[in-house]
1. Compute the long axis of helix 20-35 from its Cα atoms, compare it with the longest principal axis of the Cα atoms of the chain, and write down the angle in degrees, 0 to 90, nearest 10.
2. Quick one: of the DSSP bridges fully inside the chain, what percent are antiparallel, nearest 5?
3. Take the cross-link list 251/279; 134/269; 90/205; 229/279; 140/162; 90/229 and give me the ones stretching past 21 Å between alpha-carbons.
4. Using θ = phi - 60° and the Karplus form 6.51 cos²θ - 1.76 cosθ + 1.60, what ³J(HN,Hα) does each residue of the range 201-211 get, whole Hz, x for Gly and Pro?
5. What net charge do the residues around residue 268 carry, taking every other residue with its C-beta under 12 Å from that of residue 268, with Lys and Arg at +1 and Asp and Glu at -1?
6. Tally Lys and Arg at +1 and Asp and Glu at -1 over the other residues with C-beta under 14 Å from the C-beta of residue 167: what net charge comes out?
7. Could you tally the net charge around residue 199, taking each other residue with its Cβ under 12 Å from the Cβ of residue 199, Lys/Arg +1 and Asp/Glu -1?
8. Taking neighbour counts of Cβ atoms within 10 Å as a proxy for exposure, in what order, fewest first, do 228, 108, 75 appear?
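Rule-based calculations on the coordinates, nothing more; no lab input. What you see is a predicted model; the values in this text were computed from it and never measured. Methodologically, a virtual Cβ is constructed for each residue, glycine included, from the backbone with ideal geometry; neighbour enumeration extends over all protein chains shown.
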Amino acid sequence: MLLREIRNIYHQELAPFYPKSEIDSILDILLEYYLDIGRFVLALQPDYNLKKEEEQPLFEALTRLQQEEPVQYITEESHFFGMDFRVSPKVLIPRPETEDLIRWILETIGDHSQALNILDVGTGSGNIAISLAKHLPNAKIYALDISPEALEIAQNNALANKVAVHFIQADIRTSKRLQPTFDLIVSNPPYVRLSEKKKMRNNVKHYEPSRALFVPDDAPLLFYEILTKYGRANLQAGGMLFLEINQYLGKEVLELLRQQGYQKVELKKDLFGRDRMVKGVFIGEKL
């Protein structure tokens, strides 16, 4: 079967679920993953003839895509900040918006040779911690998660990307202080209100881990309240707290930071122009 014929089938079968550009992107990912065919071959060589054994994994993947399973879970990998990360339904798929959070952290730090202590809370696949470790060679990076399955994936990602990260299994709702204290704490916590779930695509709400996504409608700042207090217990004086946020709750999170005594609080937009991240500086009043 010709490559363009495969493309036509993908567009016909997946049109109810994805826009055309996303279908092309999905097929590019699968061609590269299964057949080591580069992303531009589909455009440059549409009459490339696939063997029968090359077609099979593409049709098997198509069946899973019709059930709205994310392509990243099919290939068990996701590209993020110039690196490849193993993923499974035990961890969230890394998002492009989170790359903006990492860029903001690196820009704020400035001197990347500093020997900083940094903690990533709710590390999931380890994408934040590992990306920071890759760009801050003298920093000690710690990554915490409640899930042993997530930590196993994150540890394997750290090994694959050849960085040193210290992993900790803990629940920040019950654990208070860690050693050492930190120059910077970062987190992308659950922040989607349950009432917003109906607006989400099925490939997210039916496949990605719910406890890493959702918070109750009556407690949308639940994890931010925990994290701001956790920062006060674990940051050094002058240390910084960086948080990814729900785009609709930017002002509320800023106010919470101020109430908890953080200074120089700032709200920043993501690449799509949405309120997506905040930072604050801890002045040194421990809990």
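1. For helix 20-35, the angle is close to 80 degrees.
2. Details: 16 of 36 bridges.
Approximately 45 percent, going by the DSSP bridge assignments.
3. Details: 251/279 12 Å; 134/269 24 Å; 90/205 13 Å; 229/279 14 Å; 140/162 14 Å; 90/229 27 Å.
Violating the 21 Å limit, Cα to Cα: 134/269; 90/229.
4. Per residue, the Karplus-derived 3J(HN,Hα) values read 6, 4, 5, 8, 6, 9, 10, 7, x, 4, 6 Hz.
5. Working: positive: 103, 269, 274, 276, 279; negative: 97, 100, 107, 244, 266, 270, 275.
Spelling it out: positives minus negatives among the neighbours equals -2.
6. Details: positive: 140; negative: 120, 145, 149, 152.
Within the 14 Å Cβ shell, the charges total -3.
7. Working: positive: 193, 197, 198, 201, 205; negative: 196.
Residues close to residue 199 contribute a combined charge of +4.
8. Details: 228 23, 108 12, 75 18.
Ascending Cβ contact count within 10 Å gives the list 108, 75, 228.
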